Amino acid sequence: MLRDPLTPEQVVYRYFEALADRDADEARSYLVRGPDEDTETVLLDDRTLKHEDYTPPKHLKIKELVPGKNRLRATMQVTYQVAGAAYGREFQFIRDYVRQSWRIHRGWASLPANTRTSYPLVIAGTFVPKSEFGYVPAFPGAYVVRLAPNPLVEAEPVTVVAGTDVAPALHVRPRGDG
(Lines give C-alpha, C1' and ligand atoms only; values in the text may rest on other atoms or scores of the structure.)
Protein backbone atom coordinates (compact mmCIF):
# COMPACT_ATOMS: atom_id res chain seq x y z
CA MET A 1 0.00 0.00 0.00
CA LEU A 2 1.42 3.36 -1.03
CA ARG A 3 1.17 6.29 1.33
CA ASP A 4 1.27 9.95 0.50
CA PRO A 5 4.72 11.48 0.67
CA LEU A 6 5.50 13.75 3.59
CA THR A 7 5.77 17.47 2.89
CA PRO A 8 8.73 19.48 4.22
CA GLU A 9 6.43 21.01 6.86
CA GLN A 10 5.31 17.58 8.05
CA VAL A 11 8.90 16.35 8.16
CA VAL A 12 10.05 19.31 10.28
CA TYR A 13 7.16 18.97 12.73
CA ARG A 14 7.74 15.23 13.07
CA TYR A 15 11.49 15.74 13.47
CA PHE A 16 10.98 18.20 16.33
CA GLU A 17 8.30 15.96 17.87
CA ALA A 18 10.80 13.10 17.85
CA LEU A 19 13.35 15.32 19.59
CA ALA A 20 10.74 16.32 22.20
CA ASP A 21 9.98 12.61 22.71
CA ARG A 22 13.75 11.98 22.92
CA ASP A 23 13.51 9.35 20.17
CA ALA A 24 16.76 9.45 18.21
CA ASP A 25 15.80 6.63 15.84
CA GLU A 26 12.64 8.47 14.80
CA ALA A 27 14.51 11.80 14.49
CA ARG A 28 17.24 10.22 12.33
CA SER A 29 14.57 8.72 10.04
CA TYR A 30 13.82 12.25 8.78
CA LEU A 31 17.46 13.01 7.98
CA VAL A 32 19.71 12.16 5.08
CA ARG A 33 23.38 12.78 4.53
CA GLY A 34 25.38 12.79 1.35
CA PRO A 35 27.26 9.66 0.28
CA ASP A 36 30.60 11.46 0.68
CA GLU A 37 29.89 12.62 4.24
CA ASP A 38 31.71 10.68 6.92
CA THR A 39 30.01 12.09 9.99
CA GLU A 40 30.64 10.89 13.53
CA THR A 41 27.28 10.24 15.14
CA VAL A 42 28.30 9.67 18.75
CA LEU A 43 25.66 12.15 20.04
CA LEU A 44 22.88 11.13 17.63
CA ASP A 45 21.55 8.24 19.73
CA ASP A 46 18.76 7.52 22.21
CA ARG A 47 21.09 7.36 25.20
CA THR A 48 22.16 10.97 24.64
CA LEU A 49 18.64 12.30 23.96
CA LYS A 50 17.15 10.53 26.96
CA HIS A 51 19.82 11.84 29.32
CA GLU A 52 18.82 14.56 31.77
CA ASP A 53 21.69 16.72 30.43
CA TYR A 54 19.93 17.15 27.05
CA THR A 55 17.24 19.80 26.57
CA PRO A 56 15.22 19.49 23.34
CA PRO A 57 14.10 22.56 21.39
CA LYS A 58 10.57 23.93 21.82
CA HIS A 59 8.16 26.29 20.11
CA LEU A 60 8.98 25.48 16.48
CA LYS A 61 7.83 28.04 13.93
CA ILE A 62 8.18 27.74 10.19
CA LYS A 63 9.14 31.04 8.63
CA GLU A 64 9.36 30.35 4.92
CA LEU A 65 9.48 27.42 2.51
CA VAL A 66 11.27 27.96 -0.79
CA PRO A 67 10.77 25.12 -3.29
CA GLY A 68 13.52 24.35 -5.78
CA LYS A 69 12.90 24.60 -9.50
CA ASN A 70 13.17 20.85 -10.07
CA ARG A 71 10.75 19.94 -7.21
CA LEU A 72 13.46 17.68 -5.71
CA ARG A 73 15.00 20.29 -3.40
CA ALA A 74 13.63 22.92 -1.07
CA THR A 75 14.78 25.14 1.77
CA MET A 76 12.93 26.27 4.85
CA GLN A 77 13.60 28.90 7.49
CA VAL A 78 12.59 27.83 11.00
CA THR A 79 12.86 29.27 14.49
CA TYR A 80 12.69 27.46 17.82
CA GLN A 81 13.64 28.00 21.43
CA VAL A 82 16.26 26.26 23.50
CA ALA A 83 16.50 27.02 27.21
CA GLY A 84 14.42 30.17 26.73
CA ALA A 85 16.51 31.69 23.91
CA ALA A 86 15.35 31.90 20.28
CA TYR A 87 17.39 30.36 17.48
CA GLY A 88 16.86 30.27 13.74
CA ARG A 89 18.27 28.14 10.99
CA GLU A 90 17.74 27.02 7.45
CA PHE A 91 16.89 23.41 6.66
CA GLN A 92 17.57 21.95 3.23
CA PHE A 93 15.26 19.20 1.96
CA ILE A 94 15.90 16.66 -0.74
CA ARG A 95 14.17 13.73 -2.36
CA ASP A 96 15.08 11.49 -5.27
CA TYR A 97 11.76 11.67 -7.14
CA VAL A 98 8.52 13.66 -6.89
CA ARG A 99 6.34 11.00 -5.17
CA GLN A 100 8.94 10.42 -2.43
CA SER A 101 8.75 11.92 1.06
CA TRP A 102 11.11 14.78 1.76
CA ARG A 103 14.05 14.37 4.13
CA ILE A 104 16.22 16.97 5.80
CA HIS A 105 19.72 17.10 4.38
CA ARG A 106 22.20 17.33 7.29
CA GLY A 107 19.49 18.21 9.79
CA TRP A 108 21.82 17.90 12.73
CA ALA A 109 23.62 20.90 14.14
CA SER A 110 27.24 21.36 15.09
CA LEU A 111 27.84 21.32 18.82
CA PRO A 112 30.83 23.54 19.61
CA ALA A 113 32.32 21.14 22.15
CA ASN A 114 35.79 22.63 22.03
CA THR A 115 35.89 23.86 25.60
CA ARG A 116 39.59 24.72 25.46
CA THR A 117 40.76 21.59 27.23
CA SER A 118 42.62 18.53 26.02
CA TYR A 119 40.74 16.21 28.38
CA PRO A 120 37.94 13.88 27.28
CA LEU A 121 34.40 15.17 27.79
CA VAL A 122 31.04 13.74 28.75
CA ILE A 123 28.29 15.43 26.73
CA ALA A 124 24.74 14.67 27.90
CA GLY A 125 26.02 11.44 29.42
CA THR A 126 27.97 10.36 26.34
CA PHE A 127 31.75 10.01 26.50
CA VAL A 128 33.44 12.05 23.75
CA PRO A 129 37.18 11.39 23.42
CA LYS A 130 39.44 14.35 22.80
CA SER A 131 40.00 13.25 19.20
CA GLU A 132 36.42 14.35 18.46
CA PHE A 133 36.70 17.83 19.96
CA GLY A 134 35.69 20.78 17.91
CA TYR A 135 32.29 20.66 16.29
CA VAL A 136 30.47 17.43 17.04
CA PRO A 137 27.26 16.63 15.08
CA ALA A 138 24.30 16.80 17.45
CA PHE A 139 20.55 17.21 17.29
CA PRO A 140 19.26 20.74 17.91
CA GLY A 141 19.03 21.44 21.63
CA ALA A 142 21.13 22.21 24.68
CA TYR A 143 23.73 19.85 26.10
CA VAL A 144 25.50 19.88 29.45
CA VAL A 145 29.21 19.34 28.87
CA ARG A 146 31.28 17.90 31.70
CA LEU A 147 34.88 16.93 32.08
CA ALA A 148 35.16 13.12 31.97
CA PRO A 149 36.09 11.60 35.34
CA ASN A 150 39.71 12.38 36.03
CA PRO A 151 41.69 11.72 39.22
CA LEU A 152 43.83 14.85 38.79
CA VAL A 153 41.57 17.65 37.57
CA GLU A 154 37.95 18.79 37.79
CA ALA A 155 35.72 21.47 36.26
CA GLU A 156 32.21 22.82 36.69
CA PRO A 157 29.90 21.70 33.85
CA VAL A 158 28.83 24.15 31.14
CA THR A 159 25.76 24.21 28.89
CA VAL A 160 26.30 24.41 25.14
CA VAL A 161 23.59 24.91 22.49
CA ALA A 162 23.98 22.97 19.24
CA GLY A 163 24.00 25.16 16.17
CA THR A 164 25.81 28.08 17.77
CA ASP A 165 29.45 29.06 17.81
CA VAL A 166 29.43 29.70 21.56
CA ALA A 167 31.36 27.16 23.60
CA PRO A 168 31.83 28.30 27.18
CA ALA A 169 35.21 27.29 28.53
CA LEU A 170 35.53 24.55 31.11
CA HIS A 171 37.66 26.02 33.85
CA VAL A 172 39.91 23.06 34.64
CA ARG A 173 41.62 23.11 38.00
CA PRO A 174 43.56 20.59 40.06
CA ARG A 175 41.20 18.30 41.98
CA GLY A 176 40.45 19.60 45.46
CA ASP A 177 41.63 23.13 44.60
CA GLY A 178 38.25 24.79 45.43
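The values are calculated or read from the model by the stated rules, or taken from the named source; none is laboratory data. All values derive from a computational prediction rather than experimental measurement. Here Cβ is always computed from backbone atoms with ideal geometry, including for glycine, and neighbour counts include all displayed protein chains. Surface areas here come from the heavy atoms of the whole protein model, side chains and all, with no ligands, DNA or RNA. Shrake-Rupley method; radii C 1.70, N 1.55, O 1.52, S 1.80 Å.
In the P(r) worked out for region 132-173, what percent of Cα pairs fall beyond 13 Å?
Numbers: 485 of 861 pairs.
Pairs farther apart than 13 Å: 56 percent.
Go ahead and estimate [θ] at 222 nm for the chain from helices alone: -39,500 (n - 2.57) per DSSP H run with n ≥ 4, summed, over the residue count, rounded to 500.
-3500 deg cm²/dmol
Under the rule of at least 5 residues apart or a separate chain, name every residue whose amide H is placed under 5 Å from the amide H of Arg73.
Gly68
Given axes a ≥ b ≥ c from the Cα gyration tensor, I'd like to know whether region 8-100 is rounded (a/c under 1.5), prolate (a/b larger than b/c) or oblate.
Oblate shape, in that a/c is at least 1.5 and b/c is the bigger or equal ratio.
Report, to the nearest 10°, how far helix 8-20 tilts away from the longest principal axis of the Cα atoms in the chain, using its own Cα long axis and a range of 0 to 90°.
30 degrees
Can you give the Kirkwood hydrodynamic radius of the chain from its Cα pairs, in Å with one decimal?
17.3 Å
Report the accessible area of Val32, computed with a 1.4 Å probe over the heavy atoms of all protein chains in place, in Å² rounded to the nearest 10.
20 Å²
Within the chain, what is the longest stretch that has no GluC sites (Glu not before Pro) placed in a DSSP loop and near at most 12 other beta-carbon atoms within 10 Å?
53-178
For the chain, report the accessible area per residue in Å² (1.4 Å probe, heavy atoms, rounded to an integer).
The answer is 56 Å² per residue.
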